[in-house]
Amino acid sequence: MSSSVGGPTFHEDPEEESESVKFFDPPKVVKNRRVAAKKAGNVMLAASEKTVGLAQLATHTGTIGTTAALVTGAAVSATGVGLLAAAGAGMIVSSTLAARSAYKTHHHLKGLQDIYNDRKNLGGEQGCKELLSDGTDAETKYSQGSHEIIANEVLPYIIRQKVKKRLFKIVSANPIGSPFATLYAVSNKWGKAQRGELGKSRNAAAQWLGAHFLECNCKLASRIIAELHGDEKMNALASSEFRDLWPELATKMKST
């Protein structure tokens, strides 16, 4: 069993939390218990319930209009401050990739916020159980403790990362602001590397999420991963080893 966990830190509005999450030390070695549980028929993988189809994204339907609203005057909430990125709609056309990324990040953010708002219904005995060695599952102190960390620390962290990424992509969609966004990304990465902080929180969040996903039959963890990676990829990741799973999860938690 993984390391013990302490009491959770509650975040009423994860988008407005300004301080970085101080994670408990995540587990380092985790066994994928889903194989035995799958044979016993006790594994549930909750769909992400996306409202935006892949065909819509592929054909750009709604992309330009939605991103234009964000870039040309819609208030963007990030750490409690309303941010405005001014740019003309014509500029978006010349920055299509950044605009599409901003659009997709915006919808991921909405999906994650919906999951956060529904987190109480995705836990408890009906929503989260530890996968036991005999292939059965049961609510335990470990499943409860690690679930609280996912709900009240990891998920708010991911949401804040998406808030920052959305702002970064909005600025990048403006040819005038794009060089400054790039400069910020490079300098921010360099600064974190110099302080020994580069990827530290992101890796810890990914390790907690990965461990909980492999060790517990949890609707919340499944919903988060499905929102970040898609339902098909989530099902594939369910067969992963922990050492391969958490780096994959970490790639979707970057802020730039």
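Bear in mind these aren't lab numbers, they're just calculated from the coordinates by the rules spelled out. Keep in mind it's a predicted model, so treat the numbers as computed, not measured. Glycine gets a Cβ as well: all are built from the backbone with ideal geometry, and neighbour counts include every protein chain shown.
Observations
- Label-point separation in nm, residue 243 to residue 133, each point 7 Å along Cα→Cβ: 2.2 nm
- Long pairs among 141/162; 141/200; 141/254; 165/233, criterion Cα-Cα beyond 24 Å: 141/162; 141/200; 141/254
- Peptides 116-127, 101-112 ranked from most to least packed give 101-112, 116-127, packing being the mean of other C-beta atoms within 10 angstrom over each peptide's residues.
- For the range 148-165, 3J(HN,Hα) per residue [Karplus equation, 6.51 cos²θ - 1.76 cosθ + 1.60, θ = phi - 60°, Hz, x = Gly/Pro]: 4, 5, 5, 5, 10, 10, 5, 4, x, 4, 4, 4, 5, 4, 5, 4, 5, 5
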